[in-house]
Amino acid sequence: MTIKIRIPKAGGNQGGIRWLPRDPVVRAALIVFLVIVVSFTAFFSYYYIKYDRIIERRFRNPVFANSAKIYALPEIVREGEKIEVREIASDLKHAGYSDQDDRSKLGTYHLVKGGIEITPGPESYHSPEPAMISIQDGKISRISSRGTELSAYELEPQLVTALFDAEQRSKREVVKYSEIPPIMVQAVLAIEDRRFFEHSGVNFARTLQAVWEDVLRQRRAQGGSTLTQQLARGFFLTPEKSIKRKITEMLIAEELEGKFSKQQIFEIYANWVDLGQRGSFAISGFAEASKSYFGKDLKDITLPEAALLAGLIQRPSYLSPYRHAERAMDRRNLVLESMVETHAITREQADKAKAVPLKLAPPNVEASDAPYFVDMVRDQLISKFNETELNDSSYRIYTTLDPDLQKAAAQAVESGIKLVDEQVKKLRTKKIKVGKKYETKVEPGPQAQVALIALDPHTGAVVALVGGRDYQWSQLNHAVSKRPTGSIFKPFVYAAAMNTALDGSQTVITPASTVTDAPSSFAYGDQIYEPRNYKEEYHGDVTLRYALAMSLNNATVKLAEEVGYDKVADLAKSAGIMSVKATPAMALGSYDASPLDMSGAYTAFANNGIRLSPIMLRSVRNSKGDVVANYTTDQRQVLDPRIAYVMTNMMAGVINNGLGYTAVRLRGFMAPAAGKTGSSHDGWFAGYTSNLLCIVWVGYDDYSDLRITGAQTAAPIWTEFMKKASALPQYSNMADFSQPTGVVDVQLDKATNRLATPNCTDDYISAFVAGTEPRDTCDEQAGMKGFFSKLFGGGDKPVPAPQAQPEAANAQDPNNPQEPKKKKGLFGKIAGIFKDDKGSAPVSKPDEGQAPH
C-alpha cells in the first residue's frame, strides 16, 4: 500500500496533512502506531535521561563507602610457649601480612628452616623492627631482632570488625573482582544468571518465561531478573511489584551495562548482595558472609561453601543454615547441580561436595565480633571524631580487646546463663490443684540478663566485655547500666576501717578486730534504718575477716557507723563509685553503679591501691599508619599499698573459706584469687587474680528481684571465665599476690584470734599492716571464753556449700519498721554457719533526706 502525503505550498491557506489513507481502519491503526511511538520515545527519553543522571550521581563517588577498621590487642608470643610455625603464619596472614616481598605495606613473613622471619612494613602497628622466631619441638626456643635476644614478641593486631553504619546496621567487607575466587563466581552465575556474560543487562527469553509463569499461569515461582536487574532494583527502586517498576528496572539495567564492564558489575553485586543476619547486623557481600558463616577469608572458600553462599541469595532468612540447616543443604545441593549443568564442575566434584556436612562458625557473635564492646568504642570515637572522617579516611582503631579472652567470656556467659535460667524456672514452677489432681505450672516472668567485664588490673585495659545474653535480642549494654551494687560494695567499708592503721585514728581497726553482729537500729537524720541478716541469723561478736567472708549485713553497717559513713563514702567516690551518700544503707550497696564502674573501683585493691580508669582504645591511626591519637588510663592513689594488700588477703578468705568457696574452689578454679559475692535484687561477683580482674552481674531489666544469690548466679560465670583464661598462655601465670613492704603475715589461733603457739594447733594466717598485728598469745586466753569465741565466729573457718534459698529477706519500710527478732541461740549460731550471701539491704536508690532501705 502506498501512502501519499500532500505538502501545502507556502502561503497557502491549507495547513497540516492533506490526507491520510482512505481506509478508516488503516488510518486509525497508523494514528495509534504513531502515538505509541511518540509516547514510548518520550517515556524512554525522559526516564533514560532521568536515571542516567541518577546513576551518574550514585556512582560518582566510591560505590561502597570506606570504613574505619577496629583491631584487637596484639597477640604476644613468648619464649618457651607451645606454638607451631603455621599458627604464627596464619595469624600474620589474617592480619594482612604477605609471604611475598612488597605485596603488603603492613608487613611480610617468610617460613625458614626451624622458624619464621617477620618484617613489619611502613603501615604496621609496630616499629619496623624485624624478628626471627625459632621453634623447636613445638615450642619457641628463641626470639631475636637484629642480634638482640628477646623474651617475647608482639604480633600484628587482628581485625575485629569494620566500624558499622549506625543507621543501616550492616557489615560489609569490600573486595575487588580479582579477589573473588572463580568458584564463587561460577556458583552465583549457575543459580542466578547463566547468561550474565552474554546479555546486555536483560535476559529477554528468561523474562518472557517469567511473564508466562507469573501472569498467564498465575504462578509466583519464576524469577527473570538478571544480576544487573537485581542491582538496579536494589540501588534505585522500591520493592513494589508493578509493570512500570519492571520496565524501569530493565531500562536502568541496560544503562548500567553501558556504563560498566561485566567484571565491574559483578564486583558491585558481590559486595552489595544481602546474605542474611548476624546478631543485629545485616551481612552484605560474599566476603563478609564468608567470615560470618565460615570464619575464613573469601579467598579460602571451598566449593560446598561457595555453593551455600550462592544459594542464600534467593531467601537468606528462610534459608539460614543456623536456623534451617536442612533447607540450606537442599539449596546448596541445587546450586551444585546447576554448576554441573553449566559445566563449571564435574559430576564427581558435585557428589563429593554434596557429601560434605555444613561446617559453620559458632553462631555466638560475642565470641568473634564483640558487638557490645564495639558499640562502646564507636560511641567513644564519635564523641571526639567526625564519623564521616573516621570512615572516609579509613582510620585504624586499635583497641584493648583480647580475642581469646573475648571468646572465653562469651562461652562462659552462654553456659552460665543457661544455669541461671534453670534456677529461675525452678523458682517459678508451682503446683496447682486442678480438680482432684495437681498440675505443674511455670509462672511467666522476665528473662535474666547478664554482663561480664574483664580488664588488666595493672593497665586498666578492658580485655573482654559481654553486655547481654543475646545482642540480636537486645542491644542494651548492661556492662554500663547502673544497678545497686549489693555486697560487692562491702570491701570499701572494710578498707575504710583498715585505713585507721595509717590515718592517725585513736582506735586502730584490723582484720582481727571484733564487731557485734546483732539486730540493730541505725539513725540517719530523723529516720531509723534497721537492716537484717539473711534468715534472721546473727553471729554475735565476730572478727572483721569473718564478717566479710560471710557477708554479714548488721556487722558491716555497725562497722561503717564506727568508722564514719563519710569516710566510707569518700573512699568509694575516690574509687569511682560516684552515686554513694554517707548513709547506713550505703554500707550494704544500696546505691547504683555499673559493672564497668565497679571494675575500675576494684583496681584499687588489685593494683597496689592505685585506681585505674578502664580504657578500651589504645591508638587511632590513619590509613598510612600515622598516629592520630593515643590513649592512656587515668590513675590515682586511692589506698596505701599496704591497705590494698590487707584487703586482698581478706577477700582471698571469701573465696578460700567464705561464701565464694563453693562457687569458685569447688568448681575447680584453684589459682590464687580474691573476690566478693554480692546479692541485692541482682546477683554480682567481683574478683581478681594477679593478672586479671573480672566483674559479673546477673539480673532483670525491670528491676524485679532475681531471688537467687550472686554466689549461685554470677560467681559460677566468673569461675568458668577464669578457668578458661588460666588455660591461655598469656594469662596462665596467675601467681600469688605480691606483698608490699610494711605488711606482715601472722598465724592466729582460730579460737581466740590471738597469736598461735605450739599449744594452739588450729590456726590460720592473716595479713596485717606491720605494727597492728595482735601481740597476745592464745595461751593467755583459755577456757570457756575460747570455746564461745570459736562458736560465735571468731576465726577463719571454711564453710560448707551455701544452700540455695528461694528468696531474699524482704526489704523493710523505714516508715513502718518491724520489731527486730531476738538474737539466735546456740543452735541458731551453728545453723548460721550454713547461711548464704543474700544481703538484706533493700536496693532501691534512696531519695535525698530519706532513710535508705
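The values are calculated or read from the model by the stated rules, or taken from the named source; none is laboratory data. Computed from a predicted model, the values in this text were never measured in an experiment. Methodologically, a virtual Cβ is constructed for each residue, glycine included, from the backbone with ideal geometry; neighbour enumeration extends over all protein chains shown. The area values use the complete protein model at the heavy-atom level, side chains included, leaving out ligands, DNA and RNA. Shrake-Rupley method; radii C 1.70, N 1.55, O 1.52, S 1.80 Å.
Observations on the structure shown:
- Straight-distance candidates among the aspartates and glutamates for linking to residue 139, with alpha-carbon spacing under 18 Å and chain neighbours fewer than 8 residues away dropped: 75, 79, 81, 84, 87, 91, 117, 149, 154.
- Cα-based shape type of segment 121-166, given that a ≥ b ≥ c are square roots of the gyration tensor eigenvalues and the cut on a/c is 1.5: oblate
- Degrees between helix 710-726 axis and first principal axis of the chain (Cα, 0 to 90, nearest 10): 70
- Taken over segment 271-339, the convex hull of the Cα atoms encloses 80 Å³ per residue.
- Here, segment 448-607 is characterised by an Rg to Rh ratio of 1.01, where Rg is the alpha-carbon radius of gyration and Rh the Kirkwood radius.
- Solvent-accessible heavy-atom area per residue, rounded to whole Å², over the chain at 1.4 Å: 46
- Taking a sphere under 13 Å around the Cβ of residue 673 and counting the other residues whose Cβ falls inside, with K and R at +1 and D and E at -1, yields a net charge of +3.
- Rounded to the nearest 0.05, the FRET efficiency derived from the C-beta distance between residue 297 and residue 384 at R0 = 25 Å is 0.20.
- By accessible area, using a 1.4 Å probe on protein heavy atoms only, the chain has 51% of its surface on carbon and sulfur.
- √(5λ) per eigenvalue of the Cα gyration tensor, segment 346-393, largest first, Å: 42, 16, 4
- When the convex hull of its Cα atoms is projected in every direction, mean area for segment 25-90 (nm²): 10.4
- Taking the charge dipole of the chain about its Cα centre, with +1 at Lys and Arg Cβ atoms and -1 at Asp and Glu Cβ atoms, the residue from 120, 40, 424 reaching farthest to the positive side is 40.
- Reciprocal of mean inverse Cα separation for the chain (Kirkwood radius, Å): 31.8
- Against the chain, whose longest principal axis is taken from its Cα atoms, helix 641-657 shows a tilt of about 90°.
- What separates the Cα centres of segment 697-715 and segment 225-274 is a distance of 52 Å.
- Sites listed here are trypsin sites (Lys or Arg not before Pro) in segment 259-350 whose DSSP assignment is loop and whose Cβ has at most 13 other Cβ atoms within 10 Å: 323.
- Based on alpha-carbon atoms, the Kirkwood radius and the radius of gyration of segment 237-309 give Rg/Rh equal to 1.08.
- Using 0.36 nm per residue and subtracting the Cα-Cα separation, the extra length available between residue 665 and residue 360 on full extension is 106.3 nm.
- Helix-only [θ]222 nm of the chain, DSSP H runs n ≥ 4, -39500 (n - 2.57) each, per residue, nearest 500: -11000 deg cm²/dmol
- Global geometry of segment 252-374, whether rounded, prolate or oblate, following the gyration tensor of its Cα atoms and the 1.5 cut on a/c: oblate
- Taking the Kirkwood radius as Rh and the Cα radius of gyration as Rg, segment 98-198 has a ratio of Rg/Rh equal to 1.16.
- Calculated diffusion of segment 358-445, Stokes-Einstein form, Kirkwood radius summed over Cα pairs, 20 °C and 1.002 mPa s, µm²/s: 124
- Cα centroid separation, segment 587-616 to segment 32-74: 54 Å.
- Among the cysteines of the chain, 694 have no other cysteine beta carbon within less than 4.7 Å of their own.
- For q = 0.22, 0.30 Å⁻¹, Debye-computed log10 I/I(0) when each Cα of segment 433-480 counts as one equal scatterer: -0.83, -1.07
- Angle between the chain longest axis and helix 227-236 axis [Cα atoms, degrees, rounded to 10]: 70
- Other residues lying with their Cβ under 15 Å from the Cβ of residue 55 contribute a combined charge of +1, Lys and Arg counting +1, Asp and Glu -1.
- Filter on 69/407; 418/535; 535/581; 482/573; 441/535; 69/262 - keep pairs with C-alpha separation over 18 Å: 69/407; 418/535; 535/581; 441/535; 69/262
- Fraction of alpha-carbon pairs over 21 Å apart in segment 621-779 - percent: 60
- Note on residue 570/residue 541: beta-carbon distance plugged into 1/(1 + (r/R0)^6) with R0 of 30 Å gives a FRET efficiency of 0.60.
- Its residue count N sets the reference 2.2 N^0.38 Å, and the alpha-carbon radius of gyration of segment 35-151 equals 1.96 times that reference.
- Where labels lie 7 Å past Cα in the beta-carbon direction, separation of residue 247 and residue 129 in nm: 7.1
- Given their separation in residues at 0.36 nm each and the Cα-Cα distance between them, residue 146 and residue 735 gain 208.8 nm when the chain is fully extended.
- Per the Debye calculation on segment 514-638 with a single equal scatterer at every Cα and no solvent contribution, log₁₀ I(q)/I(0) for q = 0.10, 0.12, 0.13, 0.14 Å⁻¹ amounts to -0.44, -0.57, -0.64, -0.71.
- In this simple spin-label approximation, residue 436 and residue 41 carry label points 7 Å from Cα along the Cα→Cβ vector, and these lie 9.4 nm apart.
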